[in-house]
1. Distance between Cα centroids, region A:102-168 to region A:49-71: provide it in whole Å.
2. Relative contact order, percent, of chain A when contacts are C-alpha pairs under 8 Å separated by at least 6 residues?
3. Under a cut-off of 17 Å between alpha-carbon atoms, report the lysines in cross-link reach of A:Lys501, not counting same-chain residues fewer than 8 places apart.
4. Per residue of A:197-209, how many C-beta atoms from partner chains lie within 10 Å of its own C-beta, taken as a mean?
5. Tell me which residues come under 5 Å, amide H to amide H, from A:Thr440 once H is placed; ignore anything under 5 positions away on its chain.
6. Determine the shielding of peptide A:12-25 by partner chains: average, over its residues, the number of Cβ atoms on other chains within 10 angstrom of each Cβ.
7. Run the numbers on region A:27-173 and let me know its relative contact order in percent, using alpha-carbon pairs under 8 Å that are six or more apart.
8. Taking Cα atoms, how many degrees apart are the long axis of helix A:49-60 and the longest axis of chain A, rounded to 10 and kept between 0 and 90?
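What follows draws every value from the coordinates through simple rules; no lab data is involved. Source: prediction; values computed, not measured. Heads up, the Cβs are rebuilt from the backbone with ideal geometry, glycines too, and the neighbour counts pull from every protein chain shown.
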Amino acid sequence: MNEVRLDTDFVDYAIIATYFLVVLGVGFAAKRYIKSSLDYFLSGRSLPAWITGLAFISANLGATEVLGMAANGAQYGVATVNYYWIGAIPAMVFLGLVMMPFYYGSKVRSVPEYLLLRFNKPSHVFNSVTFAVATILIAGVNLFALALVLELLLGWPLIVGIIVAAVVVAAYISLGGLSSAIYNEVLQFFVILAALIPITVVGLVDVGGWGGLQDRIKESTIGEAGLHALQGTNPGDVTNPIGATWIGIVFGLGFVLAFGYWTTNFAEVQRALSAKDLSAAERTPLIGAVPKLFLPFVMILPGMIALVAIPGLGSDQPNMEYNNAIPLLMNEYLPNGMLGVALTGLMASFMAGVAANVSAFNTVVTTDLVEPYLKRGKADEWYVSFGRYATIAGIAVSVLTALIASTYDNLMNYLQALFSIFNAPLFATFIIGMFWKRMTPAAGFWGLIAGTATAAGLFIGYKAGALSFGSDLDESMWGAGSAFVVVAIVSVVVTLMTTPKPVSELQGLVYGMANIDESVAVSHRWWESPKLLGFSVLAGAAILTILFW
Amino acid sequence: MAEDTRVERAANLFDLRRIIGGVFTAWGLLLVVLGLFDSEEEIERAAGVNINLFAGLGMLALGLLFLLWAFTRPLGRELAEDEPGGPGGGDGQGAAGKPDPGGE
């Protein structure tokens, strides 16, 4: 244990302390600014695109992302980039260019609310409830992962770490609502980069630059195959360390899992909905996609450096799990001062993950469950204060779910299983409902239920030992894929047996009938064109994939 | 008018660019000072790179850029029109009023 314990001094703690003070200060500042529930839950739909865009990417830079991607970099090498350039960028561009006009244009306040307008109340309630459960489980994963790192690096007992992190996040979100969450996410984005870039630079110098790293990777356990993104993925002849064919990567990862996560996860979409106009909302995921293009260089690369620079990484020795790649590098290289910044960056990333989920949770519970069904027609202030209580309650529950997460040995796989159950069926329902006007409300509801039940059934069957899959990840891929297919079949069958909504009620909700937002008519400079930005990012992803082929 | 200046002041206080700029300027200065006094042994550990100094300079530059941006284009006057760099962009139109969400 002690070999990983950091040699921190008061300078490091001073840096961490200033960060926490600023985060809380933002919460107090935001509180003074909040006047209505729209301010609290959607930042008054007033934020500029650069802020929502960076918050969008930061909401995704949570615990499992920062530690998990470095771990994958050490385990699979360059092939991990597929999670970015194939498994995220196209979905983000699709969200911005194709789906955002419906989300933002229809003025819904949440993803479940879109289901209410497009389908009916039962599908709204069902999705709101499953979403609330899923976000709390995910927030728990982030809390738990943070506590693990604090225990490993600083020797804080697990439960103390969980509670300290929970209290700070609860304080700034219940004070400042979404504005506070988003503002802190943008700050967190820069702090996380300030932690990762120096680690990568020092590591690269140490292993002799990119050339030196390549030579040493070739001699390592993953060998030459660890230096390619897509080489060795032909069906029947898979030599890539990730063990998947290009068909699995493109359709399983790039389509079902990625599109499901990025386009329907309200913790992400909420950031775009808080933008000041449709153009800014469309640009939110696209601006987020720009750093996403380059994040592999500071997230996957450190993992690969750790593989060659830390002897014994990935072995059975204590604390040598791949997940510890970044903490081990910090311990290896960083002097006091930079160490404090790096620790702050790690904490920031965990808090970003918890905050994104909790702020989405309080919005859905308040505006999708309490306001329409349980306590109608209360004063606006009542809902704001209810949102504050929902935040605190949500965090309290996520402390408990953190304890559930502590029973899983691989958090990334636990998360993927959650996504396959909650996001894949939702994505299928959305995509069919958006592009097929005839799809009926009943079809939306039963499709969702059947898809969720399918993925949950596979997961339970697998856990109970009744079904067997190649790996945990293989189970999630199959769960997501079969949920998608079941939703499609059920939706078509039920649609053919029930009556659709009149077309007049679908204005602004289905493809070909998007609402035109007048505010967009106001002049936007050519470089603010969402299409230009979207296609440039796609081209960037294609070029990078070819470079690392 | 009084309402306008109050909102403007609140907006400036709450300007994210000033917050990021302030935090990074302070941390940058701290790291630069630490870097200047770091021992050989500590530099040796970081593969011979004085990482406190270089990271500190980088963070200082980022912080100062944010402060420069925030003070040359104060948020109070351009709440509605706040994209960076475009000349003649924020003309102060609709300063205090956030765009009304309408709907509902």
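1. Taking the Cα centre of region A:49-71 as reference, the centre of region A:102-168 is 15 Å away.
2. Answer for chain A is 30 percent.
3. Result set, ordered by chain and number: A:Lys121, A:Lys437.
4. The per-residue average across the peptide is 4.
5. Those qualifying (amide H under 5 Å, at least 5 residues apart or on another chain) are A:Thr495.
6. 2
7. Value for region A:27-173: 20 percent.
8. Taking the Cα atoms of chain A, the angle to A:49-60 is about 60 degrees.
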